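Taking it in order: structure first as structure tokens, then the write-up.
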């Protein structure tokens, strides 16, 4: 019994040690963001600010157009989310429930497209945008991401588990194919839809390399690109930089704390990294 | 009329997704493949050069440096991340209180953007007033120039021991990025392992308990073999992701990024640099296809493994 308790204490000690390693950078970020510039570079460092200086947040917010960056990210995130939910539900429904010539071929081609990682895709994607004269537009930031194969695949797997009898019964009652999708399939697939939505939101908010490449105008920059350039320009002003970083991650961290169980379960089931 | 509509119906459902994926995934790749055989700049095609872009890349010493750095990065990240996350997952699986709390904390870096993470770690690595050197100083260790140290970590280690050793290893700057990457990705691997552990039937453990097996024996003969599909998945996934590393280099190194002395220049940064800083799209697409082949091979290995998991799992 004693041996067991000692074992548990050691385990909790180890887990806490790693927990501290995970949290410490966040803690350091937040306390730096509340210090005066002088205190931030003082040695030995203070583990809690002498005076809480909330002004850093206001200063950072005003230094570069952060409101604009936020707005851009919200626009991109919402547009992508709505687009992905609509296009993926429709396509997944056709793959899961309908029979038509070319279905399997198209599905396999889609899966092949999934193997193209974003870094490989940026130059080809950029060249197409140049052809369309879309570089430096909201279209470039949203349209290419309005559909993605991963979401289609995930929803298709889920739609396939809905029994065929249900469909036959609904048709007998005069339900159309589209009505069946709206009234029965989607309400039965809430968990899968939430997973798709969460990946879409986190992915859009955190996206960096694509918006970096396709925008050069300040007014079009989403939050990550805005923050990245802010860091380059203000390379020494760490109180403002940490303040900006804190409000940049706040929306996603908040979402994470509200839906923590759902988000972790979604990641555990998928093979995709956010 | 109704019959035609009935036949065409499915295609209407497919159309929106198909259009996007065809125009913005498939077409660009075909188009880019053509571009990779040209000298192609700001204004478009300049000259057909056949395979010369590819041969120039393969003769470019900085490409091979970037290739080597990417391999170093993978070797630095993958085994470390795998072992630590497996260890933590096994600890978390011991039915102790507060599992959910720990899991949440470990997962926090995963949902945080690479840009935010890079910013915070750049501050931690600050050579004069950064947290890393401050902590080292508490133990009487003189700090490091983390992100601007070009000397290899093995070189530094053996110089400290006053031993001659021929291999330099990744620069400390690259190793600093490895640490950040492991830190950020750990939570994701932990939950993948946890999911794997939950799939192992409890009766095996009960049987082992009856037989009086030690903790190590249980791990060695039950957990490890039954967890192998998950382990393999995590291994390949982490490798693929580590081959795509870019933002840390852009954010934390230099100026110029990729420094000091090109020791943090990785394949994706090399690609970005040529395509967008020098607007050499033909050359850039050729690099993209070489990177694509490397990642494709890794992906196919993973697919094969997943199939095996389905058949024998």
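Assorted remarks:
- Subset of the range A:1-36 [more than 32 Å from the chain's Cα centre (by Cα) and more than 7 Å from chain B (Cβ to nearest Cβ)]: A:1, A:2, A:3, A:4, A:5, A:6, A:7, A:9, A:10, A:13, A:36
- Any hit, the range B:112-133, residues being more than 30 Å from residue B:196 (Cα to Cα), facing another protein chain (nearest Cβ under 7 Å) and at pLDDT below 90: yes
- Residue within the range B:44-55 that is closer than 29 Å to residue A:149 by Cβ, at pLDDT below 90 and not in a helix (DSSP H, G or I) present: no
Here's the yes/no breakdown for (1) touching a residue at least 40 places away in the same chain (Cβ under 8 Å); (2) under 13 Å from the mean Cα position of the chain (by Cα); (3) more than 12 Å from chain A (Cβ to nearest Cβ); (4) more than 30 Å from residue B:176 (Cβ to Cβ):
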| site | (1), (2), (3), (4) |
| --- | --- |
| B:211 | no, no, yes, yes |
| B:237 | yes, yes, no, no |
| B:241 | yes, yes, no, no |
| B:257 | no, no, no, no |
| B:265 | yes, no, yes, no |
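- One residue alone among B:170, B:166 is under 20 Å from residue B:72 (Cα atoms) and in contact (Cβ under 8 Å) with a residue 24 or more places away in the chain, and that residue is B:170.
- Restricted to the range A:222-272, the set of helices (runs of 4 or more DSSP H) holding at least 1 residues that are more than 9 Å from chain B (Cβ to nearest Cβ) and within 27 Å of residue B:130 (Cβ to Cβ) comprises A:223-233, A:238-258.
- If the condition is being touching a helix residue (DSSP H, G or I) at 6+ places or on another chain (Cβ under 7 Å) and within 21 Å of residue B:16 (Cα to Cα), then the range A:107-117 contributes A:107, A:110, A:111, A:113, A:114, A:115, A:116.
- Candidates A:138, A:121 - the one that is within 30 Å of residue B:249 (Cβ to Cβ) and buried (at least 17 other Cβ atoms within 10 Å of the Cβ): A:121
- Residues (crowded, with 23+ Cβ neighbours inside 10 Å and within 27 Å of residue B:252 (Cβ to Cβ)) located in the range B:88-108: B:88, B:106
- Checked against the criterion of being at pLDDT 90 or above and either touching a helix residue (DSSP H, G or I) at 6+ places or on another chain (Cβ under 9 Å) or within 17 Å of residue B:243 (Cα to Cα) (or both), the candidates B:179, B:167 yield just one match: B:179.
- Test: residue in the range A:163-170 that is at the interface with chain B (Cβ under 9 Å from one of its Cβ atoms) and touching a helix residue (DSSP H, G or I) at 6+ places or on another chain (Cβ under 9 Å): no
- Some residue of the range A:192-202 being more than 9 Å from every other protein chain (Cβ to nearest Cβ) and either over 22 Å from residue A:254 (Cβ atoms) or over 13 Å from the mean Cα position of the chain (by Cα) (or both): yes
- Residue selected from the range A:91-106 under the condition in a helix (DSSP H, G or I) and without any contact (Cβ under 8 Å) to a residue 24 or more places away in the chain, by the criterion surrounded by the most Cβ atoms within 10 Å (Cβ to Cβ): A:94
- Each residue in the range B:34-44 was checked for being at the interface with chain A (Cβ under 9 Å from one of its Cβ atoms) and exposed (fewer than 15 other Cβ atoms within 10 Å of the Cβ), and 1 of them qualify.
Conditions tested, residue by residue: (1) more than 14 Å from every other protein chain (Cβ to nearest Cβ); (2) under 30 Å from residue B:269 (Cβ atoms); (3) at pLDDT 95 or above.
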residue	(1), (2), (3)
A:53	yes, no, no
A:69	no, yes, yes
A:89	no, no, yes
A:104	no, no, no
A:116	no, yes, no
A:126	no, yes, no
A:136	no, yes, no
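- Filtering the range B:63-98 to residues that are facing chain A (nearest Cβ under 9 Å) and more than 30 Å from residue B:173 (Cα to Cα) leaves B:91, B:92, B:94, B:96, B:97, B:98.
- Checking residue B:309 against (1) surrounded by fewer than 24 Cβ atoms within 10 Å (Cβ to Cβ); (2) farther than 18 Å from residue B:29 by Cα; (3) modelled with pLDDT of 90 or more, the condition it does not meet: (3)
- Checking the stated criteria, residue A:68 turns out not to satisfy the condition of being farther than 30 Å from residue B:90 by Cα, surrounded by 18 or more Cβ atoms within 10 Å (Cβ to Cβ) and touching a helix residue (DSSP H, G or I) at 6+ places or on another chain (Cβ under 9 Å).
- Selection within the range A:40-58 - under 32 Å from the mean Cα position of the chain (by Cα) and touching a residue at least 60 places away in the same chain (Cβ under 8 Å): A:40, A:53, A:56, A:57
- Hits in the range A:148-180 - residues which are crowded, with 16+ Cβ neighbours inside 10 Å and within 28 Å of residue A:261 (Cβ to Cβ): A:148, A:149, A:150, A:151, A:152, A:153, A:154, A:155, A:156, A:158, A:159, A:162
- One residue alone among B:197, B:186 is within 12 Å of chain A (Cβ to nearest Cβ), surrounded by fewer than 19 Cβ atoms within 10 Å (Cβ to Cβ) and in contact (Cβ under 8 Å) with a residue 60 or more places away in the chain, and that residue is B:197.
- Where residue B:246 falls short, out of the listed (1) within 11 Å of chain A (Cβ to nearest Cβ); (2) under 26 Å from residue B:101 (Cα atoms); (3) without any contact (Cβ under 8 Å) to a residue 60 or more places away in the chain: (2)
- Selection status of residue B:161, more than 7 Å from chain A (Cβ to nearest Cβ), buried (at least 22 other Cβ atoms within 10 Å of the Cβ) and farther than 30 Å from residue A:244 by Cα: no
The values are calculated or read from the model by the stated rules, or taken from the named source; none is laboratory data. These numbers were taken from a predicted model, which means no experiment stands behind them. Every residue, glycine among them, receives a Cβ derived from its backbone with ideal geometry; neighbour counts consider all protein chains shown.
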